[in-house]
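*Asks:* Sharing a structure with you now.
Since every read-out is calculated from the coordinates, none of them should be taken as a lab result. Only a predicted model underlies this, so the values are computations on that prediction, with no experimental measurement involved. Every residue, glycine as well, gets a Cβ built from its backbone with ideal geometry; the counts of neighbours run over all protein chains shown.
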Amino acid sequence: MKEITITSGRMNPGIDPVLHAWGWEIPVYLFLGGLAAGILIFSAVYFLRGKADEYKFAVKIAPFSIPVLLTIGLLALFLDLTHKLYFWRLYTTIRWESPMSWGAWTLMLIFPLSVFWAASFVPDVRPGLKLPALAEKAINLLIPFRKAMAWALIVISVILGMYTGILLSAFNARPFWNTSILGPLFLVSGLSTGAAFTILLSKNEQERKAFSRIDMALIVIELFLIIHLFMGFLAGTEVHIQAAQLFLGGPYTAVFWTFVVTLGLVVPLLVEALEMNGYHLPAQLPAALVLTGGLILRFIVVDAGQSSRWLYKFMTHF
């Protein structure tokens, strides 16, 4: 008889049968990070295209929400940390191969830059507002650098939007996360939620219609990426097929295809298409559904990734 000894650290209630490393904090952080990236990309792009007055909410007003969104997201991330007093050690080195290092430095750069970007629009949003002399002087110094800040924001925001997916895909031990599609999927989803944010809160009908058209295109791309995600899994190894089956008859089937795909993508796409064709429908409905679907997407992806795992079959020969 041939004897095989297997040493494993999996006999841990925090690992088997399901990984319990991340709770609600991470999907909230991923959602708010993607939303902030989407808002900033649209603001910077349309500023550079000379449409700051035409799309006033998207370019000048929406950026004021970014410090709030990032603060809440970073607070959620901080609550998730086990060793909270040592978070600063992320900034003592740069590891090019580490998505966590990329994310830490990206957030460090984008937070103050987004504050400067929003501050530069204070005179446009609130003309005649009396500010302290020092604040007014600082804003006047920022205004000539808007173009440079816009280009920097586009680059950093794209990194932030993709990083939220790459952070998960770097975990090779979790088959559902181990796909290159998550980065582009989360970026497109962040752009879609950013467009939905403008549709939901803008008071300019022309602006809402323009961003509805943008959102329709983004939804189509997002649906394509989701289909491609599962096609890739089903053409992969056994563990990747098992990861796909979590959503194709498994425990995540109903919630994913109902709340993310149907209510979060397909219904908003149909409603926005009807509105473009002259039907008077509340523009806030598809926007609210897109935002809700984007949040649920992060929760499901994070949870499903922790449920998927590598299982090995061992055979002994006598």
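*Asks:* Scattering from the C-alpha atoms of region 93-179 alone, worked out with Debye: what is log10 I(q)/I(0) at q = 0.18, 0.19, 0.20, 0.21 1/Å?
*Replies:* Reported log10 I(q)/I(0), two decimals: -0.82, -0.87, -0.92, -0.97.
*Asks:* Dividing the alpha-carbon radius of gyration of region 25-307 by 2.2 N^0.38 Å (N being the number of residues), what value is obtained?
*Replies:* For region 25-307, the normalised Cα radius of gyration is 1.04.
*Asks:* Taking trypsin sites (Lys or Arg not before Pro) that fall in a DSSP loop and have at most 15 other Cβ atoms within 10 Å as cut points, what is the longest piece of the chain between them? Mind dumping the intermediate values first?
*Replies:* Details: sites that count: Lys2, Arg10, Arg49, Lys51, Arg95, Lys130, Lys203, Lys313.
Answer from the scan: 204-312.
*Asks:* What stretch of the chain, leaving out the sites themselves, is the longest with no GluC sites (Glu not before Pro) in a DSSP loop having at most 12 other Cβ atoms within 10 Å?
*Replies:* On the way: sites that count: Glu3, Glu97.
The longest uninterrupted stretch comes out as 98-318.
*Asks:* Compare the Cα positions of Asn277, Gln306, Ile227 along the charge dipole of region 25-307 (+1 at Cβ of Lys, Arg; -1 at Cβ of Asp, Glu; about the Cα centre) and return the one farthest towards the positive end.
*Replies:* About the Cα centre, the residue reaching furthest to the positive side is Asn277.
*Asks:* Further, regarding this structure: Hand me the chymotrypsin sites (Phe, Trp or Tyr not before Pro) from region 231-296 located in a DSSP loop with no more than 11 other Cβ atoms within 10 Å, in residue order please. Kindly include the intermediate steps, with their values, before the conclusion.
*Replies:* Values: sites: Phe233, Phe247, Tyr252, Phe256, Trp257, Phe259, Tyr279; in loops: Phe247, Tyr252, Tyr279.
Answer by residue number: Tyr279.
*Asks:* For region 222-318, restrict the atom set to alpha-carbon positions and state the Rg and Dmax in Å.
*Replies:* So, for region 222-318, Rg and Dmax equal 17.9, 75 Å respectively.
*Asks:* Sticking with this structure for a sec: Quick one: if you stick a label point 7 Å off each Cα along the C-beta vector at Leu263 and Leu285, how many nm between them?
*Replies:* 1.4
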